[in-house]
Amino acid sequence: MKSFIPREVETLWTLFTAPAVWALHFLVCYVAAAIYCAKPGFLGLGFLDLRWLLGGLTFIALAFIVLAGYLAWRQWGFGSGDPPHDEPTRDDRKLFQGFATLLLCGLSFVAVIYTAIPLIFLAECQS
Amino acid sequence: MTGKLGPLLPQDQREAQEKRLRDVWETPSGWRYWTSVNNSEIGLWYGCTAFIFMLFAGVLALLIRLQLAVPDNTFLSANFFNQAFTLHGTVMMFLFAVPIFEAVAIFLLPSMLGARELPFPRLSAFGFWSFAIGGVFVCGSIFFGAAPNSGWFMYPPLATDKEQTGIGADIWLLGLSFIEVASIAAAVELIVGIMKCRAPGMRVNMMPLFAWYLLIVAGMILFAFPPLIAGDLLFEMQRMFDWPFFDAERGGDPLLWQHLFWIFGHPEVYIIFLPAIALMAMIVPTFSQRPIVGYSWIVLAAVGTGFLSFGLWVHHMFTTGLPQISLAFFSAASEAVVIPTGVQIFVFIATMLAGRVIFSVPMLFGAGALAIFIIGGLTGVMVALVPFDWQAHDTYFVVAHLHYVLIGGMLFPVTAGIYYFYPFFNGKKLSDAWGKIAFWLMFVGFNVAFFPMHFAGLRGMPRRVFTYPAEMGWDWFNLISTVGAFVFAAGFLIVVADVVRPKTRQAPAKPNPWNAGTMEWLNQHEESWGIRSIPIIKSRYPLWDQPDLRKNIEDGRYYLPDAETGHRETLVTSVLDGAPQQVLRVGGSSYVTMIAAFLLGGVFIALTYEWWWTTIICAIGTLIAILYWLWTGTAQIPEAEMRDAGLGERFPLYVSGPASVGWWAMFITMVGDGTAFASLIFGYFFYWTIHDDFTGGQVGPGWQWPLAAAALFVIAWGCMLLARFANTRNLASTMRLSIAVSLLLTIAGIAAGLMGPYQHAMEPTLHVYPATVWILAIWTSTHGAVALIMQLYCLARSYAGYLTADYDQDLCNVVLYWHFMVFTAVVTYLTIGLFPELR
Amino acid sequence: MNVERLAGAANRSRKVIYHFCPFSLAICLLVLSSCSGVQSALDPAGREADAVATLFWVMVAGGGLIWLCVMGAFLFAGRFKTQPLTERRAGGIIVFGGVAFPVVVLAGLIAYAGWLMPAMRPWFAGEGEGLRRIEITAEQYWWRVRYLDDKGQVLRESANEVFMPVDERVLFVLKAKDVIHSFWIPSLGGKMDAIPGRVNNLQLEATKTGSYRGVCAEFCGTAHALMAFTVEVLEKQAFEDWLRPKASSTPVSAAQTPDAGGLDAFLKNGCGACHAIDGTQAQGAIGPNLTGFGTRPTVAAGTLPNTTGHLIRFIKTPDLIKPGVNMPSYNMLLQAEVEAISLYLKGLK
């Protein structure tokens, strides 16, 4: 993995990876359910199929977040140093980015699971 | 920690420097004062205007409370009551809560970041004037009985009914669209300012938390406001030209408006809440006398809230009959957003636990904010649960909930901020004694007013009722609420009185009266240059950790201590590490911003009354004003390539492409524009989902013309890329030729795009399908027309010698626009051309 | 069935509320007095309202506890602690209070709500399920109520009053004629919007007989505040009797009413263009159906008690009683005519 993803990612954008995965997962869940319920039988699926598909998507999303979390953890030096990471150095800036990204991965992980909970209980399109 | 430091110049040289700085940054006097663009002036006007609107809306609230004090009251007529509550909500949200944060940000951010100015001061001024004009227009309507009267949410088909809503709905739609322009302008200003204008050495791990919050909020504005602008567009097309977007009989659907409105409306709550909590994040460390505990956690909270808040909008639509599974997704996200919100509160508590707390008036308001906001948050957890919301929705329970959230999460922290930052603004403190009285009146009054509403609501009292029968048992609740509301208002009046009372005899406070650690307390409020010299930052709390910082700054021993070039200049630094990159020249006092804002205001106001000629004249005037502004104020070729910035370092005065602030401004604006476009595309597919045959049996635009249009725009875009390439090779004539060819192709593309629906005689008033096709084609064509103007501008700049191989900002920015343009065109024409064939 | 009776229902109270009051005694009393009523979500008389009220009180108790803990921590940190904590320990409070605790509690709440939703409003496959159907059409500013049979035929039409049987799930089919309204009977359960161009379904099951009150919950124009209706929950047999009156008493004919002159005035002045009265020539479908009007508890959709005096006022100046109402003013009629019409309507059984 190290060969594919360089250790030095010099950008602020990585911070938003995990929340973006959450957003994508959320959007797909919502749109898929909305289209399914508005046009029953769309693409020949049943509701159970839809739940399994979205469940699978949830696992993929969680895997992505875990991967992003691992990279963030690595950027954070595997927790070698404690916060606050407030020294005026490039290293501390990177540690801060790693730690903040890791926290966001955690939040996104929980949020994706929350989004998936309704799939357990709701079996039909009733309003 | 000492670091780099310039020489200490003799007194007379320093005074000469100061005089030059003062002259360059001088605020005009007399009536030309209003042409000022200084962030301290604009921030002040912005804040005062927002507060005046707030007091106005507060008076409306008191009228509402008087009417509801007793059952079967006849104090207000039903119609006036409906106007009053509509305007109360509208003004508080659009003219107070959002603008006040823009005001505070414009006012404080440069000082916090150690910058002289934000990168686009004239844009701030333009935003302020737009806001003020639009606000007066919207508020003034009630004095003519013409205020909007269908709720701040403007649900069609009630609000699209011209007979029942009169001109009020148009005033709402157009007045607020105009104000949204100001918000997006502020978002551009803040994002670029925070990313690129921090003091050297202020890495992202050292930014003041206020800046982190504002960065996220500005980003949220870019994605939250444009859907409402798109919705406003559809809405006005229905009201003015009878295009049936929300008319169920002709294939439209009232729910589309609810989606677009709440995609804006819910993030807006967090756009209001985060900046206020950002103030708390500055206040709490100061009064705990230690750095914040959990800086990264705050970043987590801000970013997390920013994202999650876009997954909540349907919780305003839990009773519209959407499938339960959809509701449940949004319920889950609504609960998830509690986590980052809770983290912020615990960060404050942790910071206080680890510090030695001084309990002053700002902290008192902070404590009140917390006590109130947590109740609002807990009721928020309740209403986010779908089954409970089925009962609570649209009742006084929700009225109580939202006021607990907004007053606890916004008004109390802002009041804390007023007490905290007042010395920053004029060097004197507000009265402690009056502050405590005001606090207790506000705190007690608020709870007396709003706590009973929870029970009135669950006892069955719906929102927005102008009267209620006596036998329902709501009378006591309402009477208590009314009394509380007046106590609350009295408390706030004390704050206002304390702020405006003359303080000439009061002794000035110390320069850093609270012993705060952040940069803004270096401010010399009597000077308008922002900061005497731009320091190198080495701590999150430089005033605590960098000894002699104030003295060295005021002695001019850091960057840009002089204004010998006679321009307003500030330093641009890199995004992550705050390494200095450029000396940026910013615009000074000017009429053009005000004139442009007034003319644009004219466009919107004339549209309201459907005075077409005035609209056209004002629109042309606005265009000319903006072109003049750009021509004379942006991408100026400097007299020298490099500028000595002090400390023996030299930086370029002119950069282009992604290194320049202008490029980022264009990028950010176009992201917002792209969001509005995405909302329209969402509308197209929304109608597809709700109908078996979304074309309603109407003819489409065919695939030939749309595909031709898409191809023409792609080739035109290619020509623009070629033009930029030729320019870097110093091939001026090739560049001009490419632009000219691209210009012709664009004209052809616009024509081809409109030909599809035109040739198939699509009649937009018959059914929503032709209306959506037309609106997409018109949207893209309008963007094509803007592209044309930009191409002509580039040609003119090139012939005038302002656009050369080395000085190519204009061309870079226009090519960036073209990236978005070609995306818009391709998506539009593939959608309207191919989707009906494919389905 | 009149307003006094409706108000009388307000005197019932629920003692259980005592146990959950989180705040001071004063607030307890306030809460207590607040819960009962003909239109109170906290005085449930339906399955859904019952579940939601329980959920509410549990959340109030939990929320009150959380509020006390957080404010206690805040005050302790701000005023009462003697020694500052280390940064590490303070950080632990963020992890526990800000993350661990809410993550678990919220997951539980989401799961509970996810289970509760389909339990309260189960999957409804379509017309074949044999649920009793009542079609409600919300109009500015009143409710058209139609009782449908299995085939969707209208058994009986009325306005601003809903009759339903106890202990039976009833399907309300919600439509809107002009703007968005929302149908809400707090005592029985949650609300559902009626949206032009859409048909929404709402299932409610009453568990106690009695009189209740419902309102429009979505702002729908000038007289939004004056758009209520009464709900009568009857025993099953009583409901059937009401729904299908014995042949002898129907149709209500003009001859059976006490004042035939009122009907003449009613017809002569064109009232029948908008209003229908079964068994007469009045067959208008624009305004509320007035068949059996005399038994309705209110005039003008829950605005005033149904007395001849109020009827006279409403016929003469409807806009004063209900601003924005679509019914035109009949102030130009002779007083005697208006009185006759009112007496006639009041007499309709």
| Test for A:LEU71: is it modelled with pLDDT of 95 or more and part of a helix (DSSP H, G or I) | no
| task | For the range B:490-509, indicate whether the set of residues that are surrounded by fewer than 19 Cβ atoms within 10 Å (Cβ to Cβ) and touching a Leu at 6+ places or on another chain (Cβ under 6 Å) is non-empty. | result | yes
| Filtered residues of the range B:346-360 (kept if more than 7 Å from every other protein chain (Cβ to nearest Cβ) and surrounded by fewer than 24 Cβ atoms within 10 Å (Cβ to Cβ)) | B:ILE358, B:SER360
| query | In the set A:VAL110, A:VAL66, A:VAL21, which member is among the β-branched types (Val, Ile, Thr) and out of contact with any helix residue (DSSP H, G or I) (no Cβ under 6 Å at 6 or more places or on another chain)? | reply | A:VAL66
| query | Within the group C:SER182, C:SER187, which residue is among the polar types (S, T, N, Q), in a loop (DSSP other than H, G, I, E, B) and in contact with a strand residue (DSSP E or B) (Cβ under 6 Å, 6 or more places away or on another chain)? | reply | C:SER187
| task | Would you be able to tell me the number of residues in the range B:385-395 that are assigned to a helix (DSSP H, G or I) and touching a Leu at 6+ places or on another chain (Cβ under 8 Å)? | result | 5
| Residue among B:GLY294, B:GLY321 that alone is surrounded by 24 or more Cβ atoms within 10 Å (Cβ to Cβ), of a type outside the set (Phe, Trp, Tyr) and within 8 Å of chain A (Cβ to nearest Cβ) | B:GLY294
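Matching residues to (1) within 30 Å of A:SER127 (Cβ to Cβ); (2) more than 8 Å from every other protein chain (Cβ to nearest Cβ); (3) assigned to a helix (DSSP H, G or I):
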{"site": "A:TRP22", "(1), (2), (3)": "yes, no, yes"}
{"site": "A:CYS29", "(1), (2), (3)": "yes, no, yes"}
{"site": "A:ALA33", "(1), (2), (3)": "yes, no, yes"}
{"site": "A:TRP52", "(1), (2), (3)": "yes, yes, yes"}
{"site": "A:PRO84", "(1), (2), (3)": "no, no, no"}
{"site": "A:PHE96", "(1), (2), (3)": "no, no, yes"}
| message | For the range B:330-345, which positions are hydroxyl-bearing (Ser, Thr, Tyr) and at the interface with another protein chain (Cβ under 7 Å from one of its Cβ atoms)? | response | B:SER331
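Table: residues versus (1) surrounded by fewer than 22 Cβ atoms within 10 Å (Cβ to Cβ); (2) touching a Gly at 6+ places or on another chain (Cβ under 8 Å); (3) within 13 Å of chain A (Cβ to nearest Cβ).
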position	(1), (2), (3)
C:LEU131	yes, no, yes
C:TYR141	no, yes, no
C:ARG146	yes, no, no
C:PHE183	no, yes, no
C:PRO186	no, yes, no
| request: Out of the residues in the range B:2-43 that are crowded, with 16+ Cβ neighbours inside 10 Å and hydrophobic (A, V, I, L, M, F, W, C), state the one that is nearest to the chain's Cα centre (by Cα). | output: B:ILE42
| said: Test of understanding: among C:ALA90, C:ALA159, which residue is of a type in the set (Gly, Ala, Ser) and within 12 Å of another protein chain (Cβ to nearest Cβ)? | reply: C:ALA90
| note | Note: among B:PHE75, B:PHE137, B:PHE143, B:PHE126, just one is at pLDDT 90 or above and crowded, with 24+ Cβ neighbours inside 10 Å, namely B:PHE126
| task | Only one of these is within 14 Å of chain C (Cβ to nearest Cβ), outside any helix (DSSP H, G or I) and of a type in the set (Gly, Ala, Ser): B:GLY408, B:GLY376, B:GLY380, B:GLY460. Name it. | result | B:GLY460
| message | Here is a list: B:THR824, B:THR804. Which entry is of a type in the set (S, T, N, Q) and either free of Cβ contacts under 8 Å to residues at least 60 places away in the same chain or in a helix (DSSP H, G or I) (or both)? | response | B:THR824
| said: Cβ-Cβ distance below 9 Å, separation of 6 or more or different chains: which pairs start in the range C:80-106 with a residue that is closer than 14 Å to B:ILE345 by Cα and end on one that is among the acidic types (Asp, Glu)? | reply: C:GLY91/A:ASP82; C:PRO102/B:GLU335
| task | Just give me the residues in the range B:532-545 being surrounded by 22 or more Cβ atoms within 10 Å (Cβ to Cβ) and out of contact with any strand residue (DSSP E or B) (no Cβ under 9 Å at 6 or more places or on another chain), in sequence order. | result | B:ARG532, B:ILE537, B:ARG540, B:PRO542
| Which residue pairs have Cβ atoms under 8 Å apart, sit 6 or more places apart or on different chains, and have a first residue in the range C:326-342 that is within 15 Å of C:LEU263 (Cα to Cα) and a second that is part of a helix (DSSP H, G or I) and of a type in the set (Phe, Trp, Tyr)? | C:ILE341/C:PHE266
| request: Filter the range A:65-108 down to residues that are surrounded by fewer than 20 Cβ atoms within 10 Å (Cβ to Cβ), among the hydrophobic types (A, V, I, L, M, F, W, C) and under 12 Å from the mean Cα position of the chain (by Cα), then give me how many there are. | output: 2
| field | Single match in B:THR565, B:THR570, B:THR593 (criterion: touching a strand residue (DSSP E or B) at 6+ places or on another chain (Cβ under 8 Å) and not in a loop (DSSP other than H, G, I, E, B)) | value | B:THR570
| Where in the range B:1-117 are there helices (runs of 4 or more DSSP H), lying fully within it, with 2 or more residues that are within 14 Å of chain C (Cβ to nearest Cβ) and among the β-branched types (Val, Ile, Thr)? | B:78-90
| task | Considering every residue within the range C:140-153, establish whether at least one is assigned by TED's automatic domain parsing to the domain that holds C:GLU205, charged (D, E, K, R) and under 24 Å from A:CYS37 (Cβ atoms). | result | no
| message | Taking the conditions exactly as written (surrounded by fewer than 21 Cβ atoms within 10 Å (Cβ to Cβ), charged (D, E, K, R) and closer than 25 Å to C:PHE74 by Cβ), does B:ASP432 satisfy them or not? | response | yes
| the range B:277-333: number of residues that are farther than 18 Å from B:ALA218 by Cα, among the polar types (S, T, N, Q) and assigned to a helix (DSSP H, G or I) | 6
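The values are calculated or read from the model by the stated rules, or taken from the named source; none is laboratory data. Everything quoted here is computed from the prediction, not taken from an experiment. Quick reminder, even Gly has a Cβ in these numbers, built from the backbone with ideal geometry, and neighbours come from all protein chains shown.
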